[in-house]
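Heads up, the thing below is written out as structure tokens.
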């Protein structure tokens with residue numbers, strides 16, 4: 001995967017991507033590090049979008065799991081989770097639970 005400066009991409013556009021081979025994903029890198037992926041589109045756009053959304057969701061889930069481990073929440077039992085849900089439901093007004 002080729003890296004392209006975000007600033008160069010903003011100012012030069014397609015010219016900044018001249019060294020990226022056709023069909024290869026490019027990583028746009030800013031001053032703070034990696035910022036965006038540029039992913040080429042091939043064939044069925046809707047299918048590729050669904051695949052991309054699934055990959056983003058998996059990455060988000062992995063990050064949430066990492067944060068849960070760091071906070072010690074991965075050690076919470078099912079019984080503790082059920083008790084917390086019951087406590088929250090008991091403290092909220094009845095009408096708020098109609099949508100749940």
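Is it true that residue 95 is modelled with pLDDT under 90 and farther than 30 Å from residue 2 by Cβ?
Working: modelled with pLDDT under 90: yes; farther than 30 Å from residue 2 by Cβ: yes.
For residue 95, the condition - modelled with pLDDT under 90 and farther than 30 Å from residue 2 by Cβ - is met.
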Give 35, 50, 68 a once-over and let me know the one that is in contact (Cβ under 8 Å) with a residue 24 or more places away in the chain and either more than 23 Å from residue 23 (Cα to Cα) or within 18 Å of the chain's Cα centre (by Cα) (or both).
35
Does residue 80 meet the test of being over 21 Å from the mean Cα position of the chain (by Cα) and modelled with pLDDT of 90 or more?
yes
Taking only pairs six or more apart or across chains, which ones have beta-carbon atoms under 9 Å, a first residue in segment 79-100 that is at negative phi, and a second residue that is at pLDDT below 95 and not in a helix (DSSP H, G or I)?
84/76; 89/100
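The values are calculated or read from the model by the stated rules, or taken from the named source; none is laboratory data. Predicted model only: the values in this text are computed from it and were never measured. All Cβ positions, glycine included, derive from the backbone under ideal geometry; neighbour counts span all protein chains shown.
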